[in-house]
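The values are calculated or read from the model by the stated rules, or taken from the named source; none is laboratory data. Everything numeric in this text was worked out from a predicted model, so none of it was measured. In this analysis, Cβ positions are derived from the backbone assuming ideal geometry, glycine residues included, and neighbour counts consider all displayed protein chains. We work out accessible area using only protein heavy atoms, side chains counted, and drop any ligands, DNA or RNA first. Shrake-Rupley method; radii C 1.70, N 1.55, O 1.52, S 1.80 Å.
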Amino acid sequence: MAIGHSLGSVVLYESLWRRPYPEVDLLVTLGSPLALPRGVFDLLDHGGLIVRGARPPGVKRWVNLTEVGDLIAVPRPLSDHFDGGHTDDAVHMAQVDCHTMGMYLSCGMVAAAIAPYLAAPDELTSAAAAD
């Protein structure tokens, strides 16, 4: 699982296009400006694609979440600019401070997206004991 917020989602996206393509079960982008024309989108490595972006080759599932009031994560929705069959939801979370990582991580939709990819505490203990 890989999670990127704001400009970190851009750095993460670019790193996932580097060979050898890393295998990632879940890519989560939060408050992402990936689709920003002439500022971010046009400068990205899209695997040779020019008009539309794409899910990086090693990524199995991509979830993008954007606070409706987040002025950094524009234009919306991300799925209008990227192919790859990902979940792309706009959520209402904050009246102010619409772009903080803490606000995104406190969102139930983020928790629901990442929960299946987190190890249960007893599995972590077993793995540590085995090492």
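So which residues in the stretch 68-104 are open to solvent by 70 Å² or more (accessible area, probe 1.4 Å), touching a residue at least 24 places away in the same chain (Cβ under 8 Å) and of a type in the set (D, E, K, R), if there are any at all?
76, 80, 83 - these are the residues of the stretch 68-104 that are open to solvent by 70 Å² or more (accessible area, probe 1.4 Å), touching a residue at least 24 places away in the same chain (Cβ under 8 Å) and of a type in the set (D, E, K, R).
So residue 60 passes all but one of these: (1) in a loop (DSSP other than H, G, I, E, B); (2) surrounded by fewer than 18 Cβ atoms within 10 Å (Cβ to Cβ); (3) in contact (Cβ under 8 Å) with a residue 24 or more places away in the chain; (4) not aromatic (Phe, Trp, Tyr). Which condition number does it fail?
Failing condition for residue 60: (1).
Taking the stretch 86-120 as the region of interest, how many residues are of a type in the set (Ser, Thr, Tyr) and assigned to a loop (DSSP other than H, G, I, E, B)? Even if it seems obvious, please write down each step before you answer.
Going residue by residue through the stretch 86-120, those that are of a type in the set (Ser, Thr, Tyr) are 87, 100, 104, 106, 117.
Retained after the next criterion (residues that are assigned to a loop (DSSP other than H, G, I, E, B)): 100, 106.
Total satisfying the criteria: 2.
Output yes when any residue across the stretch 102-113 is of a type in the set (A, V, I, L, M, F, W, C) and modelled with pLDDT under 80, and no when none is.
Residues of the stretch 102-113 that are of a type in the set (A, V, I, L, M, F, W, C), as a first pass: 103, 105, 107, 109-113.
Checking the rest, the ones that are also modelled with pLDDT under 80 come to none.
No, the conditions are met nowhere in the stretch 102-113.
For the subset of the stretch 81-101 comprising residues that are over 15 Å from the mean Cα position of the chain (by Cα) and of a type outside the set (Val, Ile, Thr), which member is farthest from residue 54 (Cα to Cα)?
Per the criteria, the residue is 95.
Within the stretch 63-85, can you find the residues that are not aromatic (Phe, Trp, Tyr) and not in a loop (DSSP other than H, G, I, E, B)? Even if it seems obvious, please write down each step before you answer.
So in the stretch 63-85, the residues not aromatic (Phe, Trp, Tyr) come out as 63-81, 83-85.
Of everything in the stretch 63-85, those that are not aromatic (Phe, Trp, Tyr) and not in a loop (DSSP other than H, G, I, E, B) turn out to be 63, 64, 65, 66, 67, 78, 79, 80, 83.
From the list 53, 39, which residue is of a type outside the set (Lys, Arg) and surrounded by fewer than 16 Cβ atoms within 10 Å (Cβ to Cβ)?
39
May I ask you to list the residues in the stretch 14-36 that are assigned to a loop (DSSP other than H, G, I, E, B) and either open to solvent by 50 Å² or more (accessible area, probe 1.4 Å) or over 30 Å from residue 96 (Cα atoms) (or both)?
The answer is 17, 18, 19, 20, 21, 22, 23, 36.
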